[in-house]
Each structure stands twice: as structure tokens, then as C-alpha cells.
Amino acid sequence: MGGRPCSLSSAQQQQARKLLESGNSRKQLALLYDISLASIYKYFPVVRTADKK
């Protein structure tokens, strides 16, 4: 299969998710894994809840 390889392996994605849930910022994860902040947001997008009025 062609194309660009993934920035993070599935094991790294699981570890990064745990770090994010434990309070680390996306910027810290980008620095830790030496990938762009855009790549981090691709794997872990910001989930916004709709305002209830």
C-alpha cells in the first residue's frame, strides 16, 4: 500500500491518549513524540459540546 506512513503507531496512540487524559497538553505530546501539533490534532481532535440554552 502506498502513501505516507503514520506519525504514531497504534501503541504510541494509546499511550498518547492516556497522557492527554491525565492532563498533558497536545503541545507537550507533539514535543514528546517529535511530530507536529497538527498531527496531534488529527489523532486527537478537540471535542466541543453544544451549548444548551
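Throughout, read-outs are computed from the coordinates displayed, never taken from laboratory work. What you see is a predicted model; the values in this text were computed from it and never measured. Here the Cβ positions follow ideal geometry from the backbone for every residue, glycine too, while neighbour counts run over all protein chains shown.
What number, rounded to the nearest 500 deg cm²/dmol, is the helix-based mean residue ellipticity at 222 nm of the chain, given -39500 (n - 2.57) per DSSP H run of at least four residues and division by all its residues? Could the numbers behind the result be given before it?
Working: 3 runs with 27 residues, N = 53.
Using -39500 (n - 2.57) per qualifying helix, the result is -14500 deg cm²/dmol.
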> Using modelled amide H (1.01 Å from N, peptide plane; none on Pro or chain starts), what sits under 5 Å from the amide H of PHE44, excluding residues fewer than 5 places away?
Replying inline: none
> Any idea how far apart ALA50 and GLU21 come out in nm if each label point goes 7 Å out from Cα toward Cβ?
Replying inline: 2.6 nm
>> Give me the net charge for the shell around LEU37: Cβ to Cβ below 11 angstrom, other residues only, Lys and Arg +1, Asp and Glu -1.
In response: +3
